[in-house]
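Some notes on the structure that comes next.
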């Protein structure tokens, strides 16, 4: 939704702002100033700026989100190894503390910027804007933004990405989309990660995960993969190549 | 606890509006939020008391309007109420629906005092 054309006025709130509506007059009977801006107006403004920056450089930006430990960094390592020279990747890493993940990515020969968020439980558009000052985008095809491991807060902050990829690892349980609908509704693609554990953690049913995802009206495709034994990886790499071509 | 970050963003918007209108203080702020906004009302209220300190809205009343969760079916076209993790059409049961209300997180209005 934008803040200029009136599309912020939805079926849910339009009754409040019509002339005789609840918000037309305040409790003291005075006229109130109608605003109808997203509470994250400033973040969204910077996110738009970031997206324009990616677009100018013809760089596809993919925001990776999941619980902590679902395998985002391992997926990126395997992806970089398997893509080889086909696509040039850069990575922005978000964690509360440490450079560990950026160092793992740099060992793969890829440029990585670490954002240490301190106590913040999510990345926001301003942090990405700062990181982009240090990232050379010439000749880069894809920027992966590895968000802070968290299935709640990152869902609220647009970073300027083009696509959201959400990892759901097998040890977490197949009902995560039902428990965290706000997060899973943002998904362009859901990856069931650590699929090598499916034989031992047989209470995880990938069909249940898909059903819970459809219950929240998500049309996102669902792939199973393992960064460890590389099963399912080609499917994911094909998807990435398709997105780059479509972009 | 991203509500504090969201509240700080809210306060800077409200202060900017107050300054634009040359107001002396803010009397009330109305927020509209849906069940899929990703924000907890109680956390927002708690964060508000911290974020509003030393601003023009220090004594302003925060009013939260809860907006309904509604979907429109892409298949049969009917509109129905929904639950945050059950956004299927109540008429035909199809999952291919579009959210028409319920994910908003809006600063709807502010009431300003000129004296």
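The table below lists the values:
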| read-out | value |
| --- | --- |
| Residue match in the stretch A:34-49 (condition: surrounded by fewer than 21 Cβ atoms within 10 Å (Cβ to Cβ), more than 13 Å from every other protein chain (Cβ to nearest Cβ), assigned to a helix (DSSP H, G or I) and modelled with pLDDT of 95 or more) | yes |
| Single residue of B:28, B:37 found to be crowded, with 22+ Cβ neighbours inside 10 Å and under 17 Å from the mean Cα position of the chain (by Cα) | B:37 |
| Entirely in the stretch A:138-247, the strands (runs of 3 or more DSSP E) that have 2 or more residues that are within 26 Å of residue A:119 (Cα to Cα) | A:142-146, A:163-169 |
| Positions within the stretch A:188-209 being within 14 Å of the chain's Cα centre (by Cα) and crowded, with 23+ Cβ neighbours inside 10 Å, in sequence order | A:190, A:191 |
| Hits in the stretch B:17-35 (condition: modelled with pLDDT of 95 or more and out of contact with any strand residue (DSSP E or B) (no Cβ under 7 Å at 6 or more places or on another chain)) | B:35 |
| Qualifying position, being over 21 Å from residue B:13 (Cα atoms), in contact (Cβ under 8 Å) with a residue 60 or more places away in the chain and within 14 Å of another protein chain (Cβ to nearest Cβ), among A:65, A:82 | A:65 |
| Residue check for residue B:102: at positive phi and more than 7 Å from chain A (Cβ to nearest Cβ) | no |
| The one condition in (1) surrounded by 22 or more Cβ atoms within 10 Å (Cβ to Cβ); (2) over 20 Å from the mean Cα position of the chain (by Cα) that residue B:72 fails to fulfil | (1) |
| Hits in the stretch B:45-69 (condition: within 9 Å of chain A (Cβ to nearest Cβ) and surrounded by 15 or more Cβ atoms within 10 Å (Cβ to Cβ)) | B:63, B:65, B:67, B:68, B:69 |
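Every residue, every condition in (1) in contact (Cβ under 8 Å) with a residue 40 or more places away in the chain; (2) surrounded by 16 or more Cβ atoms within 10 Å (Cβ to Cβ); (3) part of a loop (DSSP other than H, G, I, E, B); (4) not assigned by TED's automatic domain parsing to the domain that holds residue A:157, yes or no:
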{"residue": "A:78", "(1), (2), (3), (4)": "yes, yes, no, no"}
{"residue": "A:94", "(1), (2), (3), (4)": "yes, yes, no, no"}
{"residue": "A:101", "(1), (2), (3), (4)": "yes, yes, no, no"}
{"residue": "A:109", "(1), (2), (3), (4)": "no, no, yes, no"}
{"residue": "A:112", "(1), (2), (3), (4)": "no, yes, no, no"}
{"residue": "A:119", "(1), (2), (3), (4)": "no, no, yes, no"}
{"residue": "A:129", "(1), (2), (3), (4)": "yes, yes, no, no"}
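The values are calculated or read from the model by the stated rules, or taken from the named source; none is laboratory data. Just so it is clear, the model here is predicted, and its values are computed rather than measured. FYI the Cβ positions are ideal-geometry reconstructions off the backbone, even for glycines, and counts take in every protein chain you see.
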